[in-house]
Amino acid sequence: MTFYITTPIYYANSLPHLGHLYTMIVADTIARQKRQQGIETFFLTGTDEHGINIERSAQRNRRTPQEQADFVVNYFTKMTDAFALDTAHGGYDIFMRTTNPFHYEGVSELWRRIAKAKTPKGNDALYKGHYEGWFCAACAEYKSEDEYAKPADAGDPPTCLVHDTKLDRISEESYFFRLSDYDEALLKLYDEPNFVRPEARRNEVKSFVSGGLQDLSVSRLRTSVSWGVPVPGDPDHTMYVWFDALTNYITAVGFGNEQQDRAVGFEKFWPALHVVGKDILRFHAVYWPSFLMAAGVAQPRGIYAHGMWLDPNGRKMSKTLGNTIELDVLQRHFSIDAIRYFCLREMVFGNDGRFGYENLIDRTNSDLASGLGNLSSRTLTMIHRYREGRVPSGKISDEGVLPAKRAGVDNDDMAIASFIVHARDEFIRYFEDFAFSRALEEAWGIVARTDKMISDAKPWDLAKDPGQSQTLNAVLYRAAESLRWLCVLLYPVIPNASREIYNQLGLDQELGLISPKELKWGELKADEQIGEVKPLFPRIDKAKLMSEIKSNSENTSVSEGAERPEVPAGSGQHVTEADAVPGVAYIDISDFAKIDLRVGEVRTAERIPKADKLLLITVDIGEAQPRQILAGIAQYYEPEKLVGRKIVVVSNLKPRKMRGYESQGMLLAASIGEEGKPVIATFTEEVPNGARLK
Ligand code: MSP
């Protein structure tokens, strides 16, 4: 039996960030769990290296596109190494790169097959047509909707956001994939259970496809996009980067290249399970299956779309908001296992999750340090203290039954054994259903149950009474056996700590090869010497660590990140991975709705002694009392000229004190030129005070 799992391949124009790390952790965990069961597993991750964005970042950084890709890949492989996700640590089997020559061969083969194929409705799957779009001559590229400004007059062309010049409507020759013929076939595919998961996402994809599909442009002229795989037989065209990128999943295991096929095995491993973020589900669930259908290649085993990590307040993470999670901070302050555990425990797989350093510290302290870590150290310490480091036999003989009963301990271990067996079964069931957080709850149920058994039996009292020797033995054995089970169950999630506990228990088999399904209660051998007890998850001093993290992030500056790709030169902003992500950091309407903007009228305005930039103004925003606001506009506005002016006030900004005055809001102004000259936002029509801006 084999199993093949993939993460998305990440764009080679941005640095690895938490989102990438997360998907890899999930796939790595699944791969480890399959391997434990003796299933030969192939785990793919990698980078998506072609296309205009990579070409552009290469240009900006004065590199060739290949150098740019190599540069970013270097960061990725450092990251996978640092987080023990690479092959040497038992992680991925291939770091796939779309610039691999065998990929070129494989993707060309897929193209050729599609070029010969008919759609389910009997038409040619591929045809030549014209791609039409808005082109900026100065940028020498087509602009997508978020890259241009719509014209004031509907008949005029839009303008380029970079050059502020009018765009030209240009059409160029392109190959099209006849996606519109695949709707029925796709809908049939979605009826297969587990093809697209979770259910809510499947429904989204279904309704998208039911709405009708448009044919897809799958090539660009080499003169427009040169960094890509040439179209077989027509080298004036390069392949659309998603066509190229998605195909990596089959070329990686040997599709279209004999050597790679011999090294890995396409027939052996395909089809794969694709784990992707919900942001790219459509590409995986609509385009990819259609390409495969056209080429006559089997469909993936399934596509699982996970949610996105947001900040602790539920906002998208972005550099501008300063709410990103930095991989180097994670790496410096948290163990790999704590991060893995948090990722799988905190996000209900499929939903969005919230990631903050504070939550991570809390979970580490409560579940790992006080939970599992404490159970392990108390159990092992007691075995050392009371039984000279040898696991005692858990059997209670006839004469031991009464004393055990008196101490409130069951003379047989049926109750705890069946509890743990049941929890194990549930753990596996949830795990196989991708409900990792539920699975972990089950495992922590075992931690709690075992802890309770110890606390109820009070081994420290039993140890004082020679008549309770067998009772004490039974309690210690049961606790140690329960730990052994936990190590096997938790190995895929927290491989390092599980191994550590396992070794401390005196066991040395390879945990990565022990199937949790095969566990049998009572197989822990008695009389074996256990290892030295070492702390596993030291408690984190939350206040101290938070202040360290804060001061570190305040000290990070552009110069430190000078060798990072894509950092806008001289931007003077904090450098984070998000800098490197091209495009717009969108907010939802609900994000905008959090800002309460009100029309206000300035009642009074005065300068503040010894603060030459600040004006103290009071503003009527329709409340009982005018608001007092401090505004840094004193160098540009005479106070008396402001009185009576209508302005826009952010009314729900947290009040703060400056120069001994409380500012209860903020006024809005444009910031002009390098010195940031303020120009106050105002209205040209009558508006009442307190009116809300929407
Ligand atoms: N290159 C394409 C994928 C091609 S696959 C054939 C791409 N790359 S990407 O670098 O943008 O990576 C996107 C993936 O990163 C998401 O699908 C998701 O798996 C992961 N994440 C990016 N941001 C994330 C979060 N904030 N939270 C969780 N995962 C995130 O798209």
Using the Kirkwood radius over Cα pairs of the range 389-491, the Stokes-Einstein translational diffusion coefficient at 4 °C and 1.567 mPa s, in µm²/s and rounded to a whole number, is 90 µm²/s
What is the packing order of peptides 424-430, 46-52, taking the mean over residues of other C-beta atoms within 10 Å and listing the highest first? 46-52, 424-430
How large is the helix-only mean residue ellipticity at 222 nm for the chain, computed as the sum of -39500 (n - 2.57) over DSSP H runs with n ≥ 4, divided by its residue count, in deg cm²/dmol to the nearest 500? -11500 deg cm²/dmol
Viscosity 0.890 mPa s, temperature 25 °C: Stokes-Einstein D of the range 171-287 from its Kirkwood Cα radius, in µm² per second? 152 µm²/s
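For the chain, what is the convex hull volume of the alpha-carbon atoms per residue, in Å³?
Given the Cα convex hull of the chain, per-residue volume reads 209 Å³.
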Cα-projected label distance for ASN374 with GLU67, points at 7 Å along beta-carbon direction, nm: 5.6 nm
Based solely on C-alpha atoms, express the radius of gyration and the Dmax of the range 445-551 in angstrom. 16.9, 58
Whole-Hz ³J(HN,Hα) from phi, Karplus 6.51 cos²θ - 1.76 cosθ + 1.60, for the range 6-23, glycine and proline x: 10, 9, x, 9, 8, 4, 8, 10, 9, 6, x, 9, 3, x, 5, 4, 4, 4
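By how many nm would the segment from GLU132 to GLN509 lengthen if fully extended, with 0.36 nm per residue of separation less the alpha-carbon distance?
On the way: separation 377, 0.36 × 377 = 135.72 nm, distance 6.17 nm.
Difference between extended and current length: 129.6 nm.
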Can you grab the distance from the C-alpha centre of the range 136-175 to the C-alpha centre of the range 460-531, Å, no decimals? 67 Å
Order the peptides 78-87, 613-622 from the highest to the lowest mean number of other Cβ atoms within 10 Å of their residues. 613-622, 78-87
Approximate spin-label separation ARG112-ARG262, in nm, with each point projected 7 Å along Cα-to-Cβ: 1.9 nm
Angstrom value of the Kirkwood radius, inverse mean 1/r, which spans all Cα pairs in the range 63-163: 18.7 Å
Quote the FRET efficiency, to the nearest 0.05, computed for VAL421 versus THR77 with a Förster distance R0 of 35 Å and r equal to the Cβ-Cβ distance. 0.25
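How large is the dipole of the range 237-314 about the Cα centre if only Lys and Arg carry +1 and Asp and Glu carry -1, each at its Cβ, rounded to the nearest 20 debye?
Values: 5 positive and 6 negative charges, 36 e Å.
Using Cβ point charges on Lys, Arg, Asp and Glu, the range 237-314 gives about 180 debye.
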Here FRET efficiency (C-beta to C-beta, GLU204 to GLU685, R₀ 41 Å, nearest 0.05) is 0.50
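Using a 1.4 Å probe on the protein heavy atoms, what percent of the accessible area of the range 629-694 belongs to carbon and sulfur?
On the way: 2180 of 4330 Å².
Answer for the range 629-694 is 50 percent, counting heavy atoms of protein chains only.
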Sorted largest first, the C-alpha extents of the range 202-269 along its principal axes in whole angstrom are 42, 37, 17
Work through the residues other than ILE595 whose Cβ is under 11 Å from its Cβ and net out their charges, Lys, Arg +1 and Asp, Glu -1. +2
Extension gain from LEU402 to ALA298, taking 0.36 nm per residue of separation minus the Cα-Cα distance: 31.0 nm
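Starting from the eigenvalues of the Cα gyration tensor, five times each then square-rooted, give me the equivalent ellipsoid semi-axes of the range 1-131, largest first, whole Å. List each step's numbers first, then the result.
Working: eigenvalues 174, 119, 27 Å².
Rounded to whole Å, the semi-axes are 29, 24, 12.
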With a 1.4 Å probe and every protein chain kept in, tell me what percent of the accessible surface of the range 1-58 is carbon plus sulfur. 55 percent
Within the range 611-626, which residues have the backbone N less than 19 Å from the label spot 7 Å out from LYS641 along Cα→beta-carbon, could you tell me? 612-618
Lysines with Cα under 22 Å of LYS116, excluding same-chain neighbours fewer than 8 positions away: LYS128
Given just the C-alpha atoms of the range 583-665, how large is their convex hull per residue in cubic angstrom? 131 Å³
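In the structure shown, do any of LYS646/LYS677; LYS278/LYS594; LYS206/LYS517 have a Cα-Cα gap over 27 Å, and if so which? Could you put the intermediate results ahead of the total?
Working: LYS646/LYS677 19 Å; LYS278/LYS594 25 Å; LYS206/LYS517 36 Å.
Distance filter (> 27 Å) returns LYS206/LYS517.
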Using Cβ-Cβ distances only, list the Cys residues of the chain with no partner cysteine under 4.7 Å, sorted by number. CYS343, CYS487
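Please report the antiparallel percentage of the DSSP beta bridges confined to the chain, to the nearest 5.
Details: 54 of 78 bridges.
Here the antiparallel bridges make up roughly 70 percent for the chain.
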Starting at 0 and stepping by 5 Å, how many percent of the alpha carbon pairs of the range 257-321 end up in each bin? 4, 14, 17, 16, 15, 11, 8, 6, 6, 2, 0
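Looking at the P(r) of the range 329-474, how many percent of alpha-carbon pairs lie beyond 22 Å? It would help to have the intermediate numbers written out before the result.
Values: 5464 of 10585 pairs.
Here the long-distance tail beyond 22 Å is 52 percent of all Cα pairs in the range 329-474.
Just the ratio, please: alpha-carbon radius of gyration of the range 264-381 over 2.2 N^0.38 Å, N its number of residues. Walk me through the intermediate numbers first.
Values: Rg = 19.4 Å, N = 118, 2.2 N^0.38 = 13.5 Å.
With N residues counted in the range 264-381, Rg over 2.2 N^0.38 Å equals 1.44.
Dipole size in debye (nearest 20) for the chain around its Cα centre, Lys and Arg Cβ +1, Asp and Glu Cβ -1?
In debye, rounded to 20, the chain gives about 1280.
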Sequence-distant residues sharing a close amide H with MET96 (under 5 Å, placed H): THR45, GLY46, THR47
Using alpha carbons only, how many degrees (0 to 90, rounded to 10) separate the axis of helix 199-210 from the longest principal axis of the chain? 40 degrees
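Per residue, what accessible area does the chain have, given a 1.4 Å probe and all protein chains present, in Å²?
Details: 32160 Å² over 694 residues.
Accessible area per residue: 46 Å².
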A correct Karplus calculation of ³J(HN,Hα) over the range 480-494, with 6.51 cos²θ - 1.76 cosθ + 1.60, θ = phi - 60°, whole Hz and x for Gly and Pro, returns 5, 5, 5, 4, 4, 4, 4, 4, 5, 5, 8, 3, x, 8, 10
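Just subtract the alpha-carbon distance of ASP215 and GLU40 from 0.36 nm times their residue separation and send over the number in nm, one decimal.
Details: separation 175, 0.36 × 175 = 63.00 nm, distance 3.85 nm.
Result: 59.2 nm gained on full extension.
The values are calculated or read from the model by the stated rules, or taken from the named source; none is laboratory data. Since the structure is predicted, the reported quantities are computational estimates derived from the model, not experimental observations. Reconstructed Cβ throughout: ideal geometry from the backbone, glycine too, with neighbour counts over all protein chains shown. Areas reflect the complete protein model, heavy atoms only, side chains present, ligands, DNA and RNA absent. Shrake-Rupley method; radii C 1.70, N 1.55, O 1.52, S 1.80 Å.
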